[in-house]
Ligand code: ADP
Ligand code: MG
């Protein structure tokens, strides 16, 4: 099948009048740049005819900077100055960065993490800018002119800080960002436009270090992301590590994993030597068996790197051939030579594949869909070349995945189509919209530390939602607003995004003020929150400034824990709600007593005070039933008092506000 073919009627501008725009897939492992030429979206190759640019930046001794293949060659020799997988650090602080196992020295400073290189401290934004600069130069050379702008793709789960960091990197590279586009959406654009498809599609993206699954609904002209999921610590690198573990077991260097993993059965042709000190690897999130090998001094950092490189080669060879030979020379001159078949490889990585399928099923459940609702799966990322991925997906969905477009290129191709439109090279047929999704719910803290969710997870953006809130106390003139993100019921379990205050609320009875809070998420996923008191019009608002974002792991953990904790959360929420109701009752009763105690006999007064004290004590505990019992008792015990106040109020024709107060 042809690549994207956009119909261009006679009215379309001549090629030389077209405004040059590109789509950039800024990947963790590899990056690409594409553009629409003569109505066809195509990847721009480098001078050597290569499409991929390894996302690697090397700060060289002579002060120059190498990017891509050239930089990759130095990864083993000069790991500290050769930055790989920098995308993991975008918009992240020091603590997040430290969670990855890397050879880098981080600069001790607040803010976005910075890496100490021989060229000085470099932020992930600056490193990414080098990659973008290389792609920009490649494009300008090939297209023969300056670019008007670029569409850059980001993972759907990227938060504000990560998106802002990506934009900053582009600006630093001299690129105008026409728009950030979610990677799965870009992939769907690449497919959807050409085929005019409709229906639900699963975008399955298995790259080098991450797995992302997105469920998209394509209707005429609209691409809507209806759910996202995945595993931010699962990618082709893990398959490589499994091969290394297997090789270490086969050579007797490592004891076989107790279950699930590899076994020591046969196949070993040579013994490897053990070696000196442990070290760090250039990759993050190592499985424990390898960790043990390194920490136990079974393998040097250099040997590990050599074994990983060979594992990747062997893995990729298996994609096109049924078997290969895993051969690597270790530093102590032992040579490991092991035959590896596709069957064996699939066996030692089956659980990794199964994890992607489980995440796929979960995303479908999130979207309220069944596998039967999925019209097709789009494959994205180099690791989807592995035949077992395609077989497993076909088995899960009951139909073969779409493979017409190269999974390495599909994201860049879709981004180029968007860039072409945004640059103004649009034709009459191209007036479609793009809708993306927010990865975690957004809400406000309410009394008792409970989250009131305004924008649910997976809502399509841009989105605006408003809700009315009221005051808790009589005469309250200011309200604190706390914006949180997450799936849990209690604020303490969510992420705090921002706080601000609405002041100047006219004093009114508790519950009488009407404060309208609006959440607005723009097309790039940036959030503004405003609060307005409706009678006076006083207003306050905040733009959620990119702060150090959540790590990918944290997002995954937050989603996972919200699923696991749903029942606990409901109980906790119910308790908090009762506590808040109880506090309101205690305060209102005390206020009523302060005003109208003369309506009661001393013994009546004493009894109500005792009931108030009992509820006040119960509400500070964690027994929801005890709170209910005490609240009911207080309500019953004050019925006569309330009636007396009511009679007196009506008799003296007091205002509505007073009536409100009386309503105990
Ligand atoms: P990212 O999105 O993280 O930048 P890519 O989509 O470029 O990553 O995928 C890189 C991964 O794809 C690597 O783990 C690489 O080994 C794997 N890969 C590339 N080609 C093949 C192949 N032919 N068979 C198996 N895996 C492959
Ligand atoms: Mg990718």
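The values are calculated or read from the model by the stated rules, or taken from the named source; none is laboratory data. Quick caveat, the model's predicted, so the values are computed rather than measured. So basically every Cβ, Gly included, is an ideal-geometry build from the backbone, and we count neighbours across all protein chains shown.
Being farther than 20 Å from residue 407 by Cβ, touching a helix residue (DSSP H, G or I) at 6+ places or on another chain (Cβ under 7 Å), modelled with pLDDT under 95 and more than 16 Å from ligand 1 (Cβ to nearest atom) narrows it down to one of 10, 91, 39, 63, so name that one.
Unique residue meeting the criteria: 91.
Is it the case that residue 412 is closer than 30 Å to residue 147 by Cα and modelled with pLDDT of 95 or more?
Yes: the conditions hold for residue 412.
Give the residues of segment 600-647 that are assigned to a loop (DSSP other than H, G, I, E, B) and either out of contact with any helix residue (DSSP H, G or I) (no Cβ under 7 Å at 6 or more places or on another chain) or outside the structural domain of residue 571 (by TED's automatic domain parsing) (or both), sorted by residue number.
601, 620, 621, 623
Working carefully through the options 202, 156, 173, find the one that is in contact with a helix residue (DSSP H, G or I) (Cβ under 6 Å, 6 or more places away or on another chain), farther than 29 Å from residue 80 by Cβ, crowded, with 21+ Cβ neighbours inside 10 Å and assigned by TED's automatic domain parsing to the domain that holds residue 363.
Numbers: 202 fails: in contact with a helix residue (DSSP H, G or I) (Cβ under 6 Å, 6 or more places away or on another chain); 173 fails: farther than 29 Å from residue 80 by Cβ.
156 is the lone residue from the list that is in contact with a helix residue (DSSP H, G or I) (Cβ under 6 Å, 6 or more places away or on another chain), farther than 29 Å from residue 80 by Cβ, crowded, with 21+ Cβ neighbours inside 10 Å and assigned by TED's automatic domain parsing to the domain that holds residue 363.
Hey, does segment 254-264 have a residue that's modelled with pLDDT under 75, part of a helix (DSSP H, G or I) and under 36 Å from the mean Cα position of the chain (by Cα)?
no
On the basis of being farther than 21 Å from residue 238 by Cβ, in a helix (DSSP H, G or I) and either away from ligand 1 (no atom under 16 Å from the Cβ) or at pLDDT below 95 (or both), does residue 364 make the cut?
yes
In segment 16-44, which residues are touching a residue at least 12 places away in the same chain (Cβ under 8 Å), outside any strand (DSSP E or B) and away from ligand 2 (no atom under 16 Å from the Cβ)?
Answer for segment 16-44, where residues must be touching a residue at least 12 places away in the same chain (Cβ under 8 Å), outside any strand (DSSP E or B) and away from ligand 2 (no atom under 16 Å from the Cβ): 18, 19, 20, 38, 39, 44.
Can you find even one residue in segment 389-398 that is within 12 Å of ligand 1 (Cβ to nearest atom), in contact (Cβ under 8 Å) with a residue 24 or more places away in the chain and touching a strand residue (DSSP E or B) at 6+ places or on another chain (Cβ under 7 Å)?
Yes: one or more hits.
Being over 15 Å from residue 191 (Cα atoms) and more than 16 Å from ligand 2 (Cβ to nearest atom) is the filter here; which residues of segment 375-390 pass it?
Correct list: 387, 388, 390.
Of all residues in segment 189-214, how many are within 16 Å of ligand 1 (Cβ to nearest atom), within 21 Å of residue 224 (Cα to Cα) and at pLDDT below 90?
Number of matching residues: 1.
Give just the number: which of (1) modelled with pLDDT under 95; (2) buried (at least 16 other Cβ atoms within 10 Å of the Cβ); (3) under 19 Å from residue 128 (Cα atoms) does residue 32 not satisfy?
(1)
Yes or no, residue by residue, for (1) at pLDDT 85 or above; (2) within 23 Å of the chain's Cα centre (by Cα); (3) closer than 28 Å to residue 571 by Cα:
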{"site": "405", "(1), (2), (3)": "yes, no, no"}
{"site": "427", "(1), (2), (3)": "no, no, no"}
{"site": "430", "(1), (2), (3)": "no, no, no"}
{"site": "434", "(1), (2), (3)": "no, yes, no"}
{"site": "437", "(1), (2), (3)": "no, yes, no"}
{"site": "446", "(1), (2), (3)": "yes, no, yes"}
{"site": "455", "(1), (2), (3)": "yes, yes, yes"}
{"site": "461", "(1), (2), (3)": "no, yes, no"}
{"site": "494", "(1), (2), (3)": "no, yes, yes"}
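Can you tell me which residue in segment 221-230 is farthest from residue 308 (Cα to Cα), limited to those that are more than 14 Å from ligand 2 (Cβ to nearest atom), modelled with pLDDT of 80 or more and touching a helix residue (DSSP H, G or I) at 6+ places or on another chain (Cβ under 7 Å)? Outline the logic, then answer.
Keep residues of segment 221-230 that are more than 14 Å from ligand 2 (Cβ to nearest atom), which gives 221-229.
Subset that is modelled with pLDDT of 80 or more: 226-229.
When the remaining residues are screened for being touching a helix residue (DSSP H, G or I) at 6+ places or on another chain (Cβ under 7 Å), the result is 227-229.
Details: 227: 34, 228: 30, 229: 28 Å.
Here the answer is 227.
Please indicate, with yes or no, whether at least one residue in segment 180-199 is in contact (Cβ under 8 Å) with a residue 12 or more places away in the chain, farther than 30 Å from residue 368 by Cα and touching a helix residue (DSSP H, G or I) at 6+ places or on another chain (Cβ under 8 Å).
no
From (1) touching a residue at least 60 places away in the same chain (Cβ under 8 Å); (2) closer than 27 Å to residue 44 by Cα; (3) in contact with a strand residue (DSSP E or B) (Cβ under 8 Å, 6 or more places away or on another chain), pick out the condition that doesn't hold for residue 385.
(3)
Take the residues in segment 159-170 that are modelled with pLDDT of 90 or more and surrounded by fewer than 23 Cβ atoms within 10 Å (Cβ to Cβ); name whichever of them is farthest from ligand 2 (Cβ to nearest atom).
168
Please determine, by comparing only the residues of segment 197-220 that are touching a strand residue (DSSP E or B) at 6+ places or on another chain (Cβ under 9 Å) and assigned to a loop (DSSP other than H, G, I, E, B), which one is farthest from ligand 2 (Cβ to nearest atom).
So, considering only residues that are touching a strand residue (DSSP E or B) at 6+ places or on another chain (Cβ under 9 Å) and assigned to a loop (DSSP other than H, G, I, E, B), the one farthest from ligand 2 (Cβ to nearest atom) is 198.
Could you tell me whether segment 104-126 includes any residue that is within 16 Å of ligand 2 (Cβ to nearest atom) and in the same structural domain as residue 359 (by TED's automatic domain parsing)? Before you say what the answer is, go through the steps one by one.
So in segment 104-126, the residues within 16 Å of ligand 2 (Cβ to nearest atom) come out as none.
Looking for residues that are within 16 Å of ligand 2 (Cβ to nearest atom) and in the same structural domain as residue 359 (by TED's automatic domain parsing), one finds none in segment 104-126, hence no.
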